[in-house]
Amino acid sequence: GQNIDQPTEMTATEGAIVQINCTYQTSGFNGLFWYQQHAGEAPTFLSYNVLDGLEEKGRFSSFLSRSKGYSYLLLKELQMKDSASYLCAVRPIYGNNRLAFGKGNQVVVIP
Amino acid sequence: EPEVTQTPSHQVTQMGQEVILRCVPISNHLYFYWYRQILGQKVEFLVSFYNNEISEKSEIFDDQFSVERPDGSNFTLKIRSTKLEDSAMYFCASSRWPGGYEQYFGPGTRLTVT
């Protein structure tokens, strides 16, 4: 099975940088995903890492270390609309399709 | 931009009743999924579907649940004999390729069982 751990909530100021961490334990691994979820809405895809290193996509970057079972999502130049929950999910190698999500980290952006 | 749609947005039903949640995946996608999210909890995988059959299901997806692609566009989740603990947001998702890469989620159906 999978065990995915994320801290629960953080507050940051508009324009700042925030890092959201995710640690995971899984018997297999075939990719790590970050999704954004606004309250009452569907998760939307942000990024995907399957190899170690940093993937940059505009204001969002995601890092993966497979040996440490660790990933982070970096949000730069925070905007008010970035207030949301950020979900880390892993794709187990034995399961072709399922995504196993963590509980998510709530980011609150303040002026 | 194409998107996954779901109906209804909110369904209220009495315990013991059957409900059907409907989804229209993105038209050129081949892999379809159902997830659920109980209020305040994490998103949980229920089932994936490809080529008109279930490709994987979770421990949650027992005989109470079934999925169907009745035509070329719709993908449904049927929940029989609903229980209070089935109250959750149910998300449909689809992807062009297998394995979850860039799964696109629909807006969800909020199911309330009373």
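The values are calculated or read from the model by the stated rules, or taken from the named source; none is laboratory data. For clarity, every value in this text was computed on a predicted model and none was experimentally measured. Neighbour counts run over all protein chains shown; Cβ positions are idealised from the backbone, glycine included.
With the condition kept exactly as written, say whether any residue in the range B:1-16 is without any contact (Cβ under 8 Å) to a residue 24 or more places away in the chain and surrounded by fewer than 21 Cβ atoms within 10 Å (Cβ to Cβ).
Yes, the range B:1-16 contains a residue that is without any contact (Cβ under 8 Å) to a residue 24 or more places away in the chain and surrounded by fewer than 21 Cβ atoms within 10 Å (Cβ to Cβ).
Pairs needed: first member in the range A:41-64, over 15 Å from A:Arg91 (Cβ atoms); second member anywhere, acidic (Asp, Glu) and in a loop (DSSP other than H, G, I, E, B); C-beta distance under 7 Å; at least 6 residues apart or different chains.
The qualifying pairs are A:Arg59/A:Glu77.
If only one of B:Val43, B:Val67, B:Val24, B:Val19 is within 15 Å of the chain's Cα centre (by Cα), within 10 Å of chain A (Cβ to nearest Cβ) and surrounded by 13 or more Cβ atoms within 10 Å (Cβ to Cβ), which one is it?
Unique residue meeting the criteria: B:Val43.
Of the residues A:Glu9, A:Glu56, A:Glu14, only one is touching a Pro at 6+ places or on another chain (Cβ under 8 Å) and surrounded by fewer than 18 Cβ atoms within 10 Å (Cβ to Cβ); which?
Step by step, each of A:Glu9, A:Glu56, A:Glu14 is checked, and only A:Glu14 is touching a Pro at 6+ places or on another chain (Cβ under 8 Å) and surrounded by fewer than 18 Cβ atoms within 10 Å (Cβ to Cβ).
When you go through (1) under 24 Å from A:Pro92 (Cβ atoms); (2) buried (at least 17 other Cβ atoms within 10 Å of the Cβ) one by one for B:Thr82, which number turns out not to apply?
Every listed condition holds for B:Thr82 apart from (1).
For the range A:24-35, which positions are more than 11 Å from every other protein chain (Cβ to nearest Cβ), surrounded by 15 or more Cβ atoms within 10 Å (Cβ to Cβ) and part of a strand (DSSP E or B)?
A:Tyr24, A:Thr26, A:Trp34
Go through the range A:45-64 residue by residue and tally those that are more than 14 Å from every other protein chain (Cβ to nearest Cβ) and either touching an Asp or Glu at 6+ places or on another chain (Cβ under 6 Å) or at pLDDT below 90 (or both).
So the answer is 2.
Go through the range B:1-52 and tell me which strands (runs of 3 or more DSSP E), entirely inside it, have 3 or more residues that are over 25 Å from A:Ala89 (Cα atoms), out of contact with any Lys or Arg (no Cβ under 7 Å at 6 or more places or on another chain) and not hydrophobic (A, V, I, L, M, F, W, C).
Fully inside the range B:1-52 and qualifying: nothing.
Restricting to the range A:96-106, count the residues that are assigned to a strand (DSSP E or B) and more than 13 Å from A:Cys22 (Cβ to Cβ).
Counting residues in the range A:96-106 that are assigned to a strand (DSSP E or B) and more than 13 Å from A:Cys22 (Cβ to Cβ) gives 1.
Look through the range B:85-106, keep the residues that are surrounded by fewer than 21 Cβ atoms within 10 Å (Cβ to Cβ) and at pLDDT below 95, and return whichever of them is farthest from A:Asn49 (Cα to Cα).
B:Arg96
Within the range A:75-95, can you find the residues that are in contact with a strand residue (DSSP E or B) (Cβ under 6 Å, 6 or more places away or on another chain) and part of a helix (DSSP H, G or I)?
Selection gives A:Met80, A:Asp82.
Scan the range A:42-55 and give yes if some residue there is of a type in the set (D, E, K, R) and either in a strand (DSSP E or B) or closer than 17 Å to B:Glu44 by Cα (or both), otherwise no.
yes
Could you please find all residues in the range B:77-109 being touching a Phe, Trp or Tyr at 6+ places or on another chain (Cβ under 8 Å) and more than 8 Å from every other protein chain (Cβ to nearest Cβ)?
B:Leu77, B:Lys78, B:Ile79, B:Arg80, B:Tyr90, B:Cys92, B:Ala93, B:Ser94, B:Ser95, B:Arg96, B:Trp97, B:Thr109
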